[in-house]
Structures are given as structure tokens and as C-alpha cells.
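Scroll down for the structure; my scribbles are underneath it.
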Amino acid sequence: MKHELSLKKRFLKRVFDITVSFTGLILFSWLIIGAFLIACIDTKSNGFFIQKRVGRWGNRFSVIKIKTMKKIDKLDSTVTTSNDVRITTSGKVFRKLKIDELPQLLNVLVGQMSFVGPRPDVPGYADGLAGNDRVVLSIRPGITGPATLYYRDEEEILANQTDSQYYNDYVIYPHKVKLNKQYIYNYSLKNDIYYIWKTIFK
């Protein structure tokens, strides 16, 4: 596929991911366990949110996050806004501070995800890409990345739309694909470190 990362770049990216995710799991295991227990109490269910997502080359895998939403009958949209009634009290804090993303360090360690890359989509989005857009599937999905940073207030943006599903599918998502393609075309380890720094400190 055109514009795929070279073997050397893929190797350096993977070594970086293994090193940092392993270190992160050691440093933040206490926080993950604490958030898990709080989520168990707040949602009255398993504190881990496990969902099938589309990964590299369209392969499915189970993403692991801290659960931030409770189940409400007849509300099952995959598009979440800031005023979604399903978000729990602790979930609002976890989502704001990105604590709910920490368990994905395990996904990174085992090779299902990368630190930086396109966010892993639910089926029906990335697996439906065609033409040059499919280059997005040539790398592992990431915890953060340029599209994630650009739309870090995505839930607030969607909350202000009349039809949040339509706006997500026909405005935000196509722009994310464009940003993710640019990321791949201009990939460097230096940029990955910058995106991680910006995620943590911005």
C-alpha cells in the first residue's frame, strides 16, 4: 500500500511502544486498580469497559478502558456527547483526565495498539474505508494522535449539534481520516513523542 511506514520506522515505533507501555503499566497500575474499583461501584458492574474495535488491517480486537458509562435501556449510540446521561459521576472525571484510557497500555504492550495513531473505531467506520483512505489501516490504532488532539473537545462539539450522529459521520470522521493520513505520510518518532507530550501536558 502506498505511503506505508518503512520496516525501520515500524520497528522503532514498536520498540518505543513496548518500552513506554511496560513502564507506564508499572507506574500507573495503582491508578488503574483504583479507578477500576471506583467504576465498579459507580456503574454497579465490571469496572472495565471491553469492546470490539477495528485494528490494523481491519482485524478486530478487544479494547480495554475504565468504564465511564452506565447502561440505560434504549440508549445504545456509539456517539457520545458531553451531556450524555449515561456518563457516571466518576466517569466525567476519568474522561476529562484521560484516566479511562490507561488500561489501553496493555493493548499497546501486546501489540494490538500503539501509543500514537488513529483511534480504534467501532465496526462500521475504519473497516469501510476505500482507496487511499485505507492507508489508515496500515498502522496500529493509537491511544492518542493528531486527530485525537484536534478533537479533544469532540463531546462538547457534538453536544451542540442538532444531529450529533450525522455531524460525526459526515463532518468529524472524514476530517479525522484526513488528519490520520497526514500523520502516516509525515511519520517520525519525534512527532510521536511530541503528540504524547501534548496529550499529557495540554
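The values are calculated or read from the model by the stated rules, or taken from the named source; none is laboratory data. Please read these numbers as outputs of a predicted model, since none were measured by experiment. Cβ sites come from the backbone with ideal geometry, for glycine too, and all protein chains shown count toward neighbours.
Data for the structure
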item	result
Residue match in segment 13-22 (condition: under 21 Å from T88 (Cα atoms) and either touching a His at 6+ places or on another chain (Cβ under 9 Å) or surrounded by 12 or more Cβ atoms within 10 Å (Cβ to Cβ) (or both))	no
Subset of segment 29-45 [of a type outside the set (A, V, I, L, M), out of contact with any strand residue (DSSP E or B) (no Cβ under 8 Å at 6 or more places or on another chain) and part of a helix (DSSP H, G or I)]	S29, W30, G34, C40, D42
Qualifying residues in segment 73-105 (those that are surrounded by fewer than 16 Cβ atoms within 10 Å (Cβ to Cβ) and outside any loop (DSSP other than H, G, I, E, B)) - the one modelled with the lowest pLDDT	L75
Selected residue (only one of L27, L109 is surrounded by fewer than 13 Cβ atoms within 10 Å (Cβ to Cβ) and farther than 20 Å from L158 by Cβ)	L27
Selected residue [among the small types (G, A, S), at pLDDT below 95 and either on the phi < 0 side of the Ramachandran plot or touching a Cys at 6+ places or on another chain (Cβ under 9 Å) (or both)] from A147, A130	A130
Restricting segment 173-202 to residues that are of a type in the set (S, T, N, Q) and surrounded by 14 or more Cβ atoms within 10 Å (Cβ to Cβ), the residue that is farthest from G117 (Cα to Cα)	T199
Qualifying residue in segment 15-22 (condition: closer than 27 Å to W197 by Cβ, in contact with a strand residue (DSSP E or B) (Cβ under 9 Å, 6 or more places away or on another chain), assigned to a helix (DSSP H, G or I) and modelled with pLDDT under 95)	yes
Tally, over segment 1-14, of residues that are of a type in the set (G, A, S) and either touching a residue at least 40 places away in the same chain (Cβ under 8 Å) or not in a loop (DSSP other than H, G, I, E, B) (or both)	0
Total residues in segment 110-128, condition in a helix (DSSP H, G or I) and either charged (D, E, K, R) or closer than 12 Å to V63 by Cα (or both)	1
Checking T144 against (1) more than 14 Å from the chain's Cα centre (by Cα); (2) buried (at least 21 other Cβ atoms within 10 Å of the Cβ), the condition it does not meet	(1)
Any pair with Cβ under 6 angstrom, 6 or more apart, that starts in segment 38-54 at a residue that is on the phi < 0 side of the Ramachandran plot and ends at one that is assigned to a helix (DSSP H, G or I)	I38/S90; D42/S90; G47/F36; G47/A39; G47/C40; V54/A126; V54/D127
